[in-house]
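The values are calculated or read from the model by the stated rules, or taken from the named source; none is laboratory data. Fair warning: this is a prediction, and the values are worked out from it, not measured in the lab. For neighbour counting, all protein chains shown are included, and Cβ atoms are generated from backbone atoms with ideal geometry for every residue, glycine included. Note: accessible area is taken over every heavy atom of the protein model, side chains too, but ligands, DNA and RNA are not part of it. Shrake-Rupley method; radii C 1.70, N 1.55, O 1.52, S 1.80 Å.
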Amino acid sequence: MKFLLTFFLTFQFFLVSFSQENIKYQKPPKEILDLVDVPQAPWVRIDHKWENMIMIFKDRYQTIDELSEIEMRLGGLRINPKTNISSRITYYNNIKVKKLSGPDTKQVEGLPDNPRLANFIWSPGQSYMAFTNTVDEGVELWIVNMNFATATKLTEPVLNANIGVPFAWFKDGKSLLVKFIPENRKKLINTLETVSEGPTVSVSSGTYAQNKTYQDLLKNKNDEFNFEQLTLSELYKVDMNGAFVKWAPPKMYTDIDFSPDGNYVLINNIVSPFSYIVPYNKFPYKTILYRKTGEPVRAVNQVPLTEGLPKGFMAVRTGKRKMHWREDKPSSIVWAKALDNGNPEKETKFRDEIFQLDQPFDVEAHSLIKLKNRYLKIIWGNDEIAIAYDYWSNNRNTKTYIFNPSDPNQETKIFSDRNYQDKYSDPGLFATYRNQYGKYILSFDKNNLFLIGEGHTKEGQFPFVDKYNIKSDKKIRIYQSEYKDKLEIIYDIVNVKEGKLLVSIESPTEYPNYYFKYIKKDIEQQQLTTFNNPFKSIQNVYKEVIKYKRDDGLDLSGTLYLPVGYNMEKKEKMPMILWAYPTEFKDKISASQTTSNPNKFTYPFYGSVIYWLTRGYVVLDYASFPIVGEGDTEPNDTFIKQLVSNAEAAIDAVDSLGYIDRKRVAVGGHSYGAFMTANLLSHSDLFAAGIARSGAYNRTLTPFGFQNEERNYWEAPVVYNKMSPFMNADKMKTPLLLIHGDADNNTGTYPLQSERYFNALKGLGATARLVMLPKESHAYRAKESILHLLWEQDQWLEKYVKNRNLNE
């Protein structure tokens with residue numbers, strides 16, 4: 001009888017310990033809820049004449065009903081086959097316009113009922129802005145007249161927005177080239193009801209194909225059929241009255257790119273064969289050059305299926321890459337070509353070469369410049385000057401070149417040669433303006449160019465504008481922000497001669513607003529927007545960037561917040577939440593730099609831990625977690641040791657200030673920050689509990705690299721296994737809350753990662769909770785999900801952190 005009773009009690013405990021909780025969506029406490037449900041400031045865009053501002057509004061969150069709409073996942077796309085637009089697109093619901101010369105804001109009249117607006121694009125003259133509106137039956141094309149603040153519908157719901165922006169403006173600004181759903185599109189296959197005619201077979205031909213762990217891939221012939229039908233479009237020319245005429249026959253069109261003079265169009269279209277191991281952007285495609293009348297000129301590029309590349313993050317395919325129009329010429333095509341056959345392990349003086357093909361496009365392309373690293377971008381100027389950028393991730397190097405695009409024999413000047421992670425040495429970005437073609441090119445004032453920099457220094461952040469003389473090769477600082485209690489961000493130079501800048505200004509309590517600032521004349525800055533702080537309950541919290549050292553002497557930092565109403569005289573020791581995200585570096589100098597700014601507006605977003613300032617917690621946000629590997633040593637060779645050292649230094653720093661009870665500290669992170677959290681709880685005793693959201697925990701499931709680790713599993717099995725929390729689940733000794741969206745499509749962080757890790761923790765007797773958020777991807781969007789997320793985190797923190805001593 002005693003044996004039966006023991007067995008019964010053990011069996012009951014087994015059921016209780018391993019059962020699921022069936023709960024409905026919950027809401028967090030009022031203090032947090034009051035910060036969540038607030039209006040959001042609009043997205044602001046200003047025309048190139050600096051006359052009109054358009055403000056585009058949206059709800060702060062979606063609803064679970066919106067996320068639950070029908071969705072097909074094909075070739076890396078997520079499509080609503082009923083409406084023919086991405087099922088994950090962000091919709092806006094209102095538009096207002098404002099003359100920058102006056103105070104009044106106008107509501108745009110004539111907008112559709114229950115608007116679901118997206119794909120906003122200025123007309124070439126910026127008198128209009130085109131956009132799409134999604135209705136139950138599909139996607140419509142609309143325009144806003146900026147002069148009259150009126151909206152007009154141009155088409156019925158016939159657009160195909162399943163892949164890329166579904167329209168582009170003709171140069172005259174009087175018509176648009178639009179993707180229509182083909183009239184004879186075939187009926188989609190219901191893959192849930194289809195009986196297979198045979199197995200799906202994939203073949204390896206003996207060449208390297210070390211791809212990332214992509215998701216939402218094609219799986220069979222039925223998927224291939226559905227993908228093709230959903231991406232097929234016919235191109236129509238639509239005028240401002242809604243009249244349309246067919247322009248090109250059905251193809252799987254992706255990008256539509258008009259030449260600067262508007263006489264030609266480059267159009268990419270996908271062709272077969274498709275792939276089951278890479279997404280659509282690696283499928284074969286052709287680039288066809290058309291006249292603006294719709295007449296094909298010639299194929300200028302044909303790209304094969306890209307399933308296999310040489311090893312390494314800097315590996316690229318052979319052939320023409322990054323094809324685009326040269327912005328300062330009427331119609332010249334530019335592209336990059338690898339000189340090392342795309343293989344980063346091949347020794348060569350130059351990695352990439354840039355070519356140009358001119359009208360009439362029937363001659364040989366000519367070389368413009370050779371680059372020592374991989375091509376990144378070019379900012380065009382004129383016939384005599386352009387700026388090229390390259391980069392190389394292995395050593396974090398980036399170079400900026402000043403070259404003569406008309407004379408490849410002229411010596412190229414290297415303007416900047418630096419570590420792109422070294423923020424203190426960043427010279428800034430060259431300022432641009434819109435030319436006669438409506439394209440952005442270098443801003444000139446005689447022989448001078450201008451650079452706009454973020455201005456990170458040891459003393460703080462002071463954004464700047466530098467004038468650079470091409471002839472003398474000298475820079476002069478013509479403006480530097482002097483704010484010490486606010487943050488000024490310089491967006492653009494409105495007028496070089498007048499010294500007129502577009503800036504935004506913010507502080508911890510002042511919402512960011514836009515201004516015209518005059519740096520040459522004694523003119524008061526002009527405020528363009530008046531957005532108010534919606535987070536009044538936390539506007540007076542104490543905030544500072546603290547600096548401290550790791551045990552090896554490396555300088556670290558983090559943004560420290562004290563709870564609402566904290567008494568600095570009493571200095572009670574409070575629980576703390578540490579939130580971070582590890583970053584790999586190849587040098588200690590870059591790793592030790594501080595880019596956090598205490599003057600940034602305190603903005604709690606869905607994933608923020610700022611909310612818990614209202615619940616009595618100290619918060620150390622954006623804590624430095626550098627992982628350094630200098631020379632031939634890779635950062636991840638000592639990942640765990642550095643991770644623990646970073647955490648210990650952070651806790652010691654705040655503890656030394658007298659604010660916290662170090663026995664009641666939680667750690668948390670999202671994505672790679674979740675990976676960090678699980679490792680810290682497995683390999684240290686520093687924390688009372690952890691929160692890990694949307695992470696990856698078993699690195700053998702991402703065997704061909706992750707983050708900045710480019711060695712594959714078979715080259716570094718010890719590193720992969722040691723870094724994997726799953727492999728160390730038996731070491732877990734601290735309560736861990738795992739949260740994941742069950743529709744996560746981020747590379748490597750598929751939901752299985754959390755599910756399998758939780759099963760391991762559960763089987764080994766660890767204290768853990770797994771919350772799978774329905775319909776959510778890597779970032780969470782539905783209001784119901786976000787409120788429940790905050791409730792889960794609050795419950796966990798209250799039980800295992802704030803009240804830890806009571807539970808022990």
Query raised in the report: In terms of the Cα gyration tensor, with a ≥ b ≥ c the square roots of its eigenvalues, is segment 17-82 rounded because a/c is under 1.5, prolate because a/b exceeds b/c, or oblate?
Result: oblate
**Report entry** Difference of contour (0.36 nm per residue) and Cα-Cα distance, residue 574 to residue 759
**Finding:** 63.3 nm
Query raised in the report: What do you get for Rg/Rh over segment 212-300 if you use C-alpha atoms and the Kirkwood form of Rh?
Result: 1.05
Query raised in the report: Which value, in nm² and rounded to one decimal, describes the direction-averaged projected area of the C-alpha convex hull of segment 717-790?
Result: 5.5
Requested in this report: Return, for the Cα atoms of segment 387-490, the radius of gyration and Dmax in Å, separated by a comma.
Outcome: 15.2, 50
**Report entry** Burial order of peptide ranges 370-376, 545-551 (average beta-carbon count within 10 Å, highest first)
**Finding:** 370-376, 545-551
Query - Two-site label geometry, residue 733 and residue 99: point separation in nm, points 7 Å out along Cα→Cβ - result: 7.1
Requested in this report: Taking a cut-off of 18 Å between Cα atoms, list the aspartates and glutamates near residue 212, but don't count ones fewer than 8 places away on the same chain.
Outcome: 307, 709, 710, 715, 744
Query - FRET efficiency for residue 605 and residue 638, using Cβ-Cβ distance with R0 set to 30 Å, rounded to 0.05 - result: 0.35
Query raised in the report: In whole Å, how far is the Cα centre of segment 456-509 from that of segment 721-766?
Result: 45
Requested in this report: Return the whole-Å distance between the Cα centroid of segment 374-428 and the Cα centroid of segment 554-568.
Outcome: 39
Report summary line: Whole-Å distance linking the alpha carbon centroid of segment 242-291 with that of segment 625-676 is 47
Report summary line: Surrounding charge for residue 368, neighbours by C-beta under 10 angstrom, Lys/Arg +1, Asp/Glu -1, total 0
Report task. State which entries of 399/458; 486/799; 484/520; 221/322 exceed 27 angstrom in Cα-Cα distance in the structure shown. Result -> 486/799; 221/322
Report task. Would you work out the relative contact order for segment 657-743, in percent, from Cα pairs under 8 angstrom that are 6 or more residues apart? Result -> 33
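Note down the relative contact order for segment 30-155 as a percent, whole number, built from C-alpha pairs under 8 angstrom at least six residues apart.
Normalised by residue count, the contact order of segment 30-155 is 18 percent.
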Requested in this report: Rounded to the nearest 0.05, what FRET efficiency do residue 429 and residue 472 give with R0 = 25 Å and r taken as the Cβ-Cβ distance? Could you check?
Outcome: 0.75
Report task. Could you tell me whether segment 279-400 comes out rounded, prolate or oblate from its Cα gyration tensor? Rule is a ≥ b ≥ c as square roots of the eigenvalues, rounded for a/c under 1.5, then prolate if a/b exceeds b/c, otherwise oblate. Result -> oblate
Report summary line: With the 8 Å Cα cutoff and a minimum separation of six or more residues, the chain has a relative contact order in percent of 8
Query raised in the report: Taking the mean number of other Cβ atoms within 10 Å as a proxy for protection, how do you rank 84-93, 747-756 from highest to lowest?
Result: 747-756, 84-93
Report summary line: Over the chain, with neighbouring protein chains present, the accessible area per residue in Å² at probe 1.4 Å is 46
Query raised in the report: What is the distance, in nm, between label points placed 7 Å from the Cα along the Cα-to-Cβ direction at residue 721 and at residue 383?
Result: 6.6
**Report entry** Kirkwood-Stokes translational diffusion coefficient of segment 346-419, alpha-carbon pairs, 37 °C, 0.692 mPa s, µm²/s
**Finding:** 252
Query raised in the report: Tell me, what ³J(HN,Hα) does each residue in segment 769-780 have, in order and in whole Hz, if you take phi through Karplus 6.51 cos²θ - 1.76 cosθ + 1.60 with θ = phi - 60° and put x for Gly and Pro?
Result: 9, 10, 10, 9, 8, x, 6, 8, 9, 5, 9, 8
Report task. Work out how far the C-alpha atoms of segment 485-563 reach from end to end along every principal axis, then list the three figures in whole Å, largest first. Result -> 51, 35, 18
Query raised in the report: Given 0.36 nm per residue, what is the gain on full extension from residue 484 to residue 281 after removing their alpha carbon distance, in nm?
Result: 68.5 nm
**Report entry** Inter-site label distance for residue 22 and residue 240 at 7 Å from Cα along Cβ, in nm
**Finding:** 6.0
**Report entry** Using a Förster distance of 41 Å, the FRET efficiency for residue 418-residue 272 (Cβ separation, nearest 0.05)
**Finding:** 0.40
Query raised in the report: Over segment 323-458, what percent of the accessible surface lies on carbon and sulfur atoms, probe 1.4 Å?
Result: 44
Query raised in the report: Length gain on complete extension for the stretch residue 109 to residue 221, per 0.36 nm per residue less the alpha carbon to alpha carbon distance?
Result: 35.6 nm
Query - Sequence-distant residues sharing a close amide H with residue 803 (under 5 Å, placed H) - result: none
**Report entry** Computed helical MRE - 222 nm, the chain, DSSP H runs ≥ 4 contributing -39500 (n - 2.57), nearest 500
**Finding:** -4000 deg cm²/dmol
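Could you sort the peptides 262-270, 715-723 by per-residue average Cβ neighbour count (10 Å cutoff), highest mean leading?
Descending mean neighbour count gives 262-270, 715-723.
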Requested in this report: Tally up the carbon and sulfur contribution to the accessible surface of segment 581-633 as a whole percent, 1.4 Å probe, everything protein left in place.
Outcome: 53
Query raised in the report: Rounded, prolate or oblate: which one fits the chain, using the alpha carbon gyration tensor with axes a ≥ b ≥ c (rounded when a/c is under 1.5, else prolate when a/b beats b/c, else oblate)?
Result: rounded
Report summary line: Of every Cα-Cα pair in segment 563-705, the percentage lying beyond 19 Å is 55
Query raised in the report: Summing Lys, Arg as +1 and Asp, Glu as -1, what charge do residues with Cβ under 13 Å from the Cβ of residue 92 carry, residue 92 excluded?
Result: +4
Report summary line: Taking a label point 7 Å from the Cα of residue 589 along Cα-to-Cβ, the residues of segment 403-439 whose backbone nitrogen sits under 19 Å from it are 414-428
